[in-house]
1. Sort out for me the strands (runs of 3 or more DSSP E) sitting completely within the range 254-293 that have 1 or more residues that are hydrophobic (A, V, I, L, M, F, W, C) and touching a residue at least 60 places away in the same chain (Cβ under 8 Å).
2. Could you tell me whether G197 is under 29 Å from L320 (Cα atoms), open to solvent by less than 30 Å² (accessible area, probe 1.4 Å) and among the small types (G, A, S)?
3. Got a number for residues in the range 310-335 being open to solvent by less than 60 Å² (accessible area, probe 1.4 Å) and more than 30 Å from T242 (Cβ to Cβ)?
4. Within the range 31-55, work out how many residues are within 15 Å of F115 (Cβ to Cβ) and crowded, with 17+ Cβ neighbours inside 10 Å.
5. Yes or no: E180 at pLDDT below 95, under 20 Å from A291 (Cα atoms), surrounded by fewer than 15 Cβ atoms within 10 Å (Cβ to Cβ) and among the acidic types (D, E)?
6. Limited to the range 294-309, what total is found for residues that are touching a Pro at 6+ places or on another chain (Cβ under 6 Å) and either outside any loop (DSSP other than H, G, I, E, B) or open to solvent by 60 Å² or more (accessible area, probe 1.4 Å) (or both)?
7. Do any residues in the range 95-112 that are touching a residue at least 60 places away in the same chain (Cβ under 8 Å) have Cβ atoms under 9 Å from those of residues that are open to solvent by 10 Å² or more (accessible area, probe 1.4 Å) and not in a loop (DSSP other than H, G, I, E, B), where the two are at least six apart or on different chains, and which pairs are they?
Amino acid sequence: VHRSYKEYVIKNKILELVPSRPELEFPEVLEMERHFILHIGPTNSGKTFHALEQLRMAQNGIYLGPLRLLALEVYEKMQDYGTPCTMLTGQECIQDQGSRVIAATVEMLDIQEEFDIAVIDEAQMVQDDLRGHSWTRAILGIRAKEIHICMSPAAESVITHLIGLTGDRYEVCRYERKTELCCENEPFLFPEDVQEGDALIVFSKRSVLDIAGRLEKEGIAASVIYGSLPPEIRRRQMHLFTGGKTKVVVSTDAIGMGLNLPVRRIVFIQMDKYDGNGRRPLQVPEIKQIAGRAGRYGIYDIGYVTAMGQPGLEYLSEQLPKNEEPVKTVSLGFPQVLL
């Protein structure tokens, strides 16, 4: 009895500490007057570019994205702008002298720090079971006067709902895709159909290395991109492709999260993936996110997309035109007060 009573008391004490509404976790933020600018549009529509144009002016700014690769890309973009920047991920920290902007993965946000301008990228990830709580925390808790949120149209209502909870103001900028996206009629044959500017998509590190090895035997040099590549090697692989040293890239779905590579055609070698529970067909948002990487404004005015094998291509051409279902839920993390 004694033990179960103790558990009962502890459980109740914990529940007392958990705010009944998530926005109440950040009382200091509720007293601020924050202004949100929502950049809403499909992949390759320039929404992140416009948000970064504002961030480069920041005296103390931050970019929060889903991938180390994206933090790296933003860090390099800030260097191109002449804006001193710090790249901060769970794996590494690179700091320019006199840094004014941090480019980080979303989990690295210091909720106590104040910023004048913040950019939160790929905010449709707010519903993700494993990582979505980091986006929820960033939107509700970041201490910044001006906050740019980039997202797919499917996330609009859920993000505006979150902002509504805090009582902050927001405005919406909408974007259309800059390049045409065209689904090919013939299924892809490997390796005969490989062309310059292709990105071949598979869903594991092992498959990436396997495909790249087979291309090498055919005399085709390929860059490889997957999540667990060490930062220095990953940087080199991207530069080889953007610089034209390699003609093809073999990648996991990491490429779908906004990496700006000059890709002419996206080729789905697989149309299903293992998601931690089992193998399942790709869903419409995943297909759109990855396929949308085809075509690069000013380099390839039409982006092409195809898949290996007739069943794969049929599934792709059936799913690609569908609209994404609106995001209806957000993921909540462990309350800050308890952490």
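The values are calculated or read from the model by the stated rules, or taken from the named source; none is laboratory data. Everything quoted here is computed from the prediction, not taken from an experiment. Methodologically, a virtual Cβ is constructed for each residue, glycine included, from the backbone with ideal geometry; neighbour enumeration extends over all protein chains shown. Surface areas here come from the heavy atoms of the whole protein model, side chains and all, with no ligands, DNA or RNA. Shrake-Rupley method; radii C 1.70, N 1.55, O 1.52, S 1.80 Å.
1. 265-268
2. Considered against the rule, which asks whether it is under 29 Å from L320 (Cα atoms), open to solvent by less than 30 Å² (accessible area, probe 1.4 Å) and among the small types (G, A, S), G197 comes out as yes.
3. 6
4. Qualifying residue count, the range 31-55: 6.
5. Yes, satisfied.
6. Of the residues in the range 294-309, 2 are touching a Pro at 6+ places or on another chain (Cβ under 6 Å) and either outside any loop (DSSP other than H, G, I, E, B) or open to solvent by 60 Å² or more (accessible area, probe 1.4 Å) (or both).
7. Close Cβ pairs satisfying both conditions: I111/R137; I111/R143.
Yes/no matrix, rows are residues, columns are (1) farther than 23 Å from I159 by Cβ; (2) under 15 Å from the mean Cα position of the chain (by Cα):
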position: P84; (1), (2): yes, no
position: A103; (1), (2): no, yes
position: M108; (1), (2): no, yes
position: I117; (1), (2): no, no
